1. Quantify how much of the Cα-Cα distance distribution of the stretch 91-155 extends past 19 Å, in percent.
2. Which whole-Hz couplings ³J(HN,Hα) result when phi for each residue of the stretch 225-231 is put into the Karplus expression 6.51 cos²θ - 1.76 cosθ + 1.60, θ = phi - 60°, listed in order with x for Gly and Pro?
3. Is the shape of the stretch 15-211 rounded, prolate or oblate, going by the alpha carbon gyration tensor and its root eigenvalues a ≥ b ≥ c, with a/c under 1.5 for rounded and a/b larger than b/c for prolate?
4. Considering only the other residues whose Cβ falls under 13 Å of the Cβ of Gly120, what net charge follows from Lys and Arg at +1 and Asp and Glu at -1?
5. At a Förster radius of 35 Å, what calculated FRET efficiency corresponds to the Cβ-Cβ distance of Ala200 and Val342, to the nearest 0.05?
6. Relative to the Cα centre, what is the charge dipole magnitude of the stretch 15-211, using +1 at the beta carbon of each Lys and Arg, -1 at the beta carbon of each Asp and Glu, and rounding to the nearest 20 debye?
7. Which entries in the list Lys94/Lys156; Lys94/Lys376; Lys94/Lys429 go over 27 Å, if you measure between the two C-alpha atoms of each?
8. Which far-off residues, 5 or more places away or on another chain, put their amide H under 5 Å from the one on Thr214, with H placed in the peptide plane?
Amino acid sequence: MTSTTSAPTRRMPVPDGTIPVGIALLIAGVATYAFLRIGAIGVGGDDEFAPIVSLWFATFALAPGFFLPLEQELGRALAHRRATGDGTLPVIQKVVRLGAGLVAVVVIVILIASPLITSGYFRGDWWMLIALVGTFMAYAPAHLARGVCSGSGRFKDYAIILGSDGVVRIVLCVALAVVGVTATGAYGLAIAVSPLFAVAYVWRRGALRPIPRTDGSGVTVDDGSEASWSEVTPNLGWLLLGSVFAATLLNAGPITMSLLADDSEQAFVTTFSYGVLLARVPLFLFQAVQAALLPGLSRLAARGELVEFRAGMKRLAAVVVAVGVLGTGGAFLLGPFAIELVYKAELGGRTLAVLALASGVYMMALALAQAVIALKGHALVAVGWGIGVATFVLVTWLGSDDLFRRIEYGLFTSSVVAMIAFGIALKYKLDSGIGPDQDSLMDAATPRK
């Protein structure tokens, strides 16, 4: 007799490292808000703090945009070598050389364009340009260290690097304020050096040591087989392009505000940036939750359980919609009070609601994009984020004459366009029956910060 009782649903085990990574993301988010508030007090007000705000958003458009793909590919390659018992040193050496070359190229471009960047973006503050170069260079070893830790299964150390640079930044900022330093350059350099403390700490803990190759009895044989470029760069080009576009779109509002505001509107730059960060509270929280949800969804896809994968994506989408609606409503009703309480700034509920709505749509786009990557859609994701950036430029250029509104419209419209592009790409991937592999799953599961 055939039983009609359905088998009990098996719970997806929580992936290794989920809890510490989620906590680290939350710490990093809280540290962001604290630094900007303490920094503004330290330098003497929002007008004086505007160059540091400009530095902040430029940094987090450049550094994660260029180095997150290296972190992803390093972690993926190391995890593959661990699974096959091969040594990891040759891969680490290969990616470090690649990272050094990338740093050199970007720094050279920044230096060539330094007169334009300094006059047009930093309002003539050369210390901010120096801090931008220093910060970009400092985040290279931070992301590479994160890649080593994730690929080696050292998730506690990964979380330390992910969350601690914000804490170090606050400590440095408080120290500068206590001793009475008001020069913006000093606070800019605090942003630059903060990632290096965590890297030095996990290095001393031995967390960055490569894993050697061993024989069947566990005896060390050598450092590992030679690494080819194809081993460490199979998806790097598309990942790099998509990551730069995604980071640019995430930080486009404050960067554009810095470029368009004249000298009499510098306080607007800081106030608008506060509003953007306040609107991102749901995004910070969601990324911490997503660190637990996405690996489980990826494993369903890896096992070919696409029906369950679709159901999981629908649940994830429902969470995003709920968070986005609550965030938008909260921004409209409570946002003006919150921004005045936290930052002593004034911004209307309509502006905060539009920013929160744009952040919510971006959150959905990000979730869909990572699902597409899990299904080996790296190129489609790069194209989708690129279309989003192009939409932002077009809408901001042709939009309202009001400085705030043209950027608000650009952020919202570009996020909607990117979300639609990823929705179409995900449907195409699911309908085509293309399944993921372990490499694409690791690329999708790497958290953004």
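Only the coordinates and a few stated rules stand behind these numbers; no lab work does. Since this is a predicted model, take the numbers as computed values, not measurements. No Cβ is skipped: glycine too gets one built from the backbone with ideal geometry, and neighbour counts run over all protein chains shown.
1. That fraction is 43 percent.
2. Ordered by residue, 3J(HN,Hα) equals 6, 4, 9, 8, 5, 5, 6 Hz.
3. Because a/c hits 1.5 or more and a/b fails to exceed b/c, the stretch 15-211 counts as oblate.
4. Here the charged neighbours net out to -2.
5. Taking R0 as 35 Å, the efficiency between Ala200 and Val342 is 0.65.
6. Computed about the Cα centre, the dipole is about 720 debye.
7. Flagged as over cut-off: Lys94/Lys429.
8. HN-HN under 5 Å from Thr214: Val221.
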